[in-house]
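A.B. asks: The structure's right below; bear with me while I get my questions together.
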Amino acid sequence: MRQKSILNGLAASLLLVIATRSAWSGARQLTLRERVELGKAATALVEATRDGRAQGTGSAFCVHETGLFVTNRHVLLTRRPRSTRDDVRKIPIVKTVTLVLSPNERGQQEVDAQVLRVSDDFDLALLRAAGANRSFSRLALGSVEGLMEMTEVAAFGFPFGKALAVNRGSYPSVSVNTGRVTSLRKKGGDLSRIQVDAVLNPGNSGGPIIDAEGKAIGVVVSGVLGMGVNFAIPVSKVRQFLSRPEIIFTPPVLDHANQHELVEFQAKAVFFSPPKEPLALQMVLDTGAGGPRRYKMATSGGVHRVKTVPIPPRKGPLVLRIEARYPDGHVKGTVKDCTFGVGKKQIKLSQVSFLRFEPEAEVALNDGETLRGEVSGLSVVPVTFGEQSLRLKLDAASTVEVDSPSVVDAVICTIIARQANREVGRITTPVYVGGAARDRCLKLPGGHAYLRAAHHQSLDLTDTFTIAFWIKLADRQSQKYIITKRQLAPAYDDYAVIYGFTQGKFAFYSESYSGSRPTTRLKTPVSDTSWHHVAWTYDGSVITGYLDGKADVSAKRTFRIRNRAVDFYFTNPGHGDYAQSVDGLLDEVCLWNRPLSDEEIVGAMYRGLTGKEKGLVLYYRFDRAVAGNRIRDLSRHKNHGELHGKASLVPSDRRKSPAPRDVR
């Protein structure tokens, strides 16, 4: 709770919630033991961490038995404010936290929780604890109607975080502090803060204040240390924050066996107040082929359900594009998928990325495995060239490159909630197919390590373009070049395009252009080493930067990149400036010669691409096998890349990132 007008420089963050109606309401009052047991069971210690390091602690309390907890937004900050002038609304927050339930009791539990929504205006946040199959102890929300000064209340929380733990490395027991309401602070006639004299300290922030009925009437937010002046957000503000229903989606477990069969999708709508109108849920599935599919979800026992096929099966035989190189020339064509042997193992041609027959047979699979042994079953293979078909001896070729259609390994699922034909909420999340994980990514350790894509006219992105990639930074200090299009000699500093990281933010700029200066930085700083999706689009007049699927900055710019016959580099191979090369991981890099829409950005972000999309000129997925040091471009343009220095493919943990949410 921040009272800038009178507490500037003195306010200390507290986590505290105030109980609802007490003795004045005339309702049944709970005994002291009942109130204490109820408050302790519903209050949790919040640990906010980033990159494995603790950023702060606070308190939270459960408001729904499915595991929904309320806390303060400022508890989730990735760093503490540096001064009273530091606007906390501009400080990023963590995406996940740890909730400690019943600390130092026999039933102590530590559960991960995801941040579902936040409010800058109210300084509130809603968390969802993991554990969909269990029920959590909760506090009912009370009312501030009739609340008056001198009303007795009790606050639950964890003052000073873990500092009060009896044993080092353990958690402290919950603290219960009683007091009275000393003032009802109003703004424009509306209750803005509840002032209490209960002893509260930093760490109480986000915890509940309850009344004699055991209901939450406020959330601890701030106070003045040692002065007995502390503040709570009234429950009326909490109800406003929770006025929209929360959609809890339970995705089915998909694998290769059931992805083309009927499976059930389930979702629940959680209301924190009785709904005035019935709620209808609609599910939209999108695999990137055939357009979105929409389904009305039926309600049964409070659960919304629909059965459908997640990924429609392919129609007709699987057709592959191949390029076979012989000593006297090469041929390109298409073949139907077939089975052949490598040693004693039988595999499908669609599983293969590259075959080499000289000096010994070597078969590189799409999953990264390499097989060696005598190849059989490829002596006579029908290959189609336009309207003609020939029977070729593929095993007589020096090499054969197989271009399989990209595997659909995720379906984008959107649940839309409506009341009286008015949208009141939605979530969007990918549902992945098990066993199809993108398990490798590009590692760039800095210095003389990079991936190079040779110049091709398809990569001359001058008037309109989109570039998107996943990145996990290992080093966030100083200026870093992530993707560059440049001339190495003689003008080493002549960059046509730079996608970089500077002053804690992702940026796009150019040193070779006509028109207005195109330099644009994202507004949101990145201060962690988690995976982030970054994208830039330009439509000829407006350049827009995206962070994690959401537009973060948009600026009017009219420019044209002056491209010459220069290469694309993934990081910076520059002359003497290796210190500016990025240190981190890259994945799912794609370039387009057109601007993508918001929906297309999200689709490319989580579903992946087929390689056939309109305007796609480069697509590096990195989970496909390489021949030697070559990275395959899965777009039609075949702008294959080459690894240099210590650049390498390594296992990726990107799938472990929390699923995205878009709650409106």
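A.B. asks: Quick one: compute a quarter of the convex hull surface over the Cα atoms of the stretch 162-237 and quote it in nm².
C.D. replies: Taking a quarter of the hull surface, the average projection is 5.8 nm².
A.B. asks: Still on this model: Mind checking the per residue accessible area of the stretch 73-181 for me, 1.4 Å probe, whole number of Å²?
C.D. replies: That works out to 53 Å² for each residue.
A.B. asks: Under a no-solvent Debye model with one identical scatterer per Cα of the stretch 583-633, what's log10 I(q)/I(0) at q = 0.21, 0.28, 0.32 Å⁻¹?
C.D. replies: Reported log10 I(q)/I(0), two decimals: -0.82, -1.21, -1.37.
A.B. asks: Still on this structure: Taking one equal scatterer on every alpha-carbon of the stretch 324-365, how large is log10 of I(q)/I(0) by Debye at q = 0.33, 0.34, 0.35 1/Å?
C.D. replies: -1.22, -1.23, -1.23
A.B. asks: Describe numerically, in nm with one decimal, the distance between label points set 7 Å from Cα along Cα→Cβ at Arg630 and at Ala551.
C.D. replies: About 4.1 nm, to one decimal.
A.B. asks: Using 0.36 nm per residue, how much length does the chain from Glu360 to Ile347 gain when fully extended, once their Cα-Cα distance is taken away?
C.D. replies: Contour length minus Cα-Cα distance gives 2.9 nm.
A.B. asks: Okay, next question. I'd like to check one number: the per residue accessible area of the stretch 506-622, probe 1.4 Å, reported in Å² as a whole number.
C.D. replies: With all protein chains present, the stretch 506-622 gives 36 Å² per residue.
A.B. asks: Expressed as an acute angle from 0 to 90° and rounded to the nearest 10, what is the orientation of the C-alpha long axis of helix 32-42 relative to the principal long axis of the chain?
C.D. replies: The helix 32-42 is inclined about 10 degrees to the chain.
A.B. asks: A follow-up question, please. If you line up the Cα atoms of the stretch 67-175 on their principal axes, what length do they span on each, largest first, in Å?
C.D. replies: Here the spans come out as 43, 38, 32 Å, largest first.
A.B. asks: Quickly rank 526-535, 382-391 as a protection proxy: mean count of other C-beta atoms within 10 Å, highest first.
C.D. replies: 526-535, 382-391
A.B. asks: Taking Rh as the Kirkwood radius computed over C-alpha pairs, what is the Stokes-Einstein D of the chain at 4 °C in a medium of viscosity 1.567 mPa s, expressed in µm² per second?
C.D. replies: 46
A.B. asks: At R0 = 56 Å, how high is the FRET efficiency between Ser389 and Asp539 if r is their beta carbon distance? Nearest 0.05 is fine.
C.D. replies: With R0 = 56 Å, the Cβ-Cβ based efficiency is 0.80.
A.B. asks: How large is the accessible surface per residue of the stretch 236-381, computed with a 1.4 Å probe and reported in Å² as a whole number?
C.D. replies: That works out to 55 Å² per residue.
A.B. asks: If you roll a 1.4 Å probe over the stretch 214-331 with all protein chains in place, what percent of the accessible area is carbon or sulfur?
C.D. replies: About 55 percent, which is the carbon plus sulfur part of the accessible surface.
A.B. asks: Another question, if that's okay. Could you compute the net charge surrounding Ala155? Neighbours are other residues with a C-beta less than 15 Å from the C-beta of Ala155; K and R count +1, D and E count -1.
C.D. replies: Residues close to Ala155 contribute a combined charge of +2.
A.B. asks: Could you order peptides 582-591, 134-143, 335-344 by the average number of other Cβ atoms within 10 Å of their residues, highest first?
C.D. replies: Result, highest mean first: 582-591, 134-143, 335-344.
The values are calculated or read from the model by the stated rules, or taken from the named source; none is laboratory data. As the structure is a computational prediction, the values presented were derived from the model and not from experiment. Virtual Cβ from ideal backbone geometry, glycine too; neighbours counted across all protein chains shown. Heavy atoms of the whole protein, side chains included, go into the accessibility calculation; ligands, DNA and RNA do not. Shrake-Rupley method; radii C 1.70, N 1.55, O 1.52, S 1.80 Å.
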